[in-house]
């Protein structure tokens, strides 16, 4: 004997079998900075991983973080070593500011962007919606 289901009950049943992540609006979650203070220096252990996740140049990203924190620093392998003591919260706040300014599209909010240079101006170009926004040069 064949059971016949109406469309709505089949749709409801299919939605119940999907994982919760499918229904979230945010698909772009930045990994938290794994940082610690050693003496008078702050070390971010997973700095290159964060830059790779955002698809940005680690040197440019490091330059932004150092400028925002008002300190000097150096890349050493996958780590960023900053001169001075900075808390975990402050480091993550600066990373989030970078994401909002240089990664997320201001029109559609998606992270599918690239920084392109046209003439002397740098633009944040969204590959999802095609929007372009001028950004400050680092």
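The requirement of being in a helix (DSSP H, G or I), surrounded by 14 or more Cβ atoms within 10 Å (Cβ to Cβ), in contact (Cβ under 8 Å) with a residue 12 or more places away in the chain and out of contact with any helix residue (DSSP H, G or I) (no Cβ under 8 Å at 6 or more places or on another chain) is fulfilled nowhere in the range 105-124; no residue meets it. Candidates in the range 72-82 are the residues that are touching a helix residue (DSSP H, G or I) at 6+ places or on another chain (Cβ under 9 Å) and loosely packed, with under 15 Cβ neighbours inside 10 Å; of these, the one that is modelled with the lowest pLDDT is 77. Tell me, please, whether a residue that is at pLDDT 85 or above, part of a strand (DSSP E or B), closer than 18 Å to residue 74 by Cβ and not assigned by the TED database to the domain that holds residue 115 can be found in the range 45-61. Scanning the range 45-61 turns up no residue that is at pLDDT 85 or above, part of a strand (DSSP E or B), closer than 18 Å to residue 74 by Cβ and not assigned by the TED database to the domain that holds residue 115.
Can residue 92 be described as farther than 17 Å from residue 124 by Cβ and either loosely packed, with under 15 Cβ neighbours inside 10 Å or outside the structural domain of residue 126 (by the TED database) (or both)?
Considered against the rule, which asks whether it is farther than 17 Å from residue 124 by Cβ and either loosely packed, with under 15 Cβ neighbours inside 10 Å or outside the structural domain of residue 126 (by the TED database) (or both), residue 92 comes out as yes.
The values are calculated or read from the model by the stated rules, or taken from the named source; none is laboratory data. Bear in mind that the values here come from a model prediction, so they are computed numbers and not experimental data. Cβ: placed from backbone, ideal geometry, glycine included. Neighbour counts: every protein chain shown.
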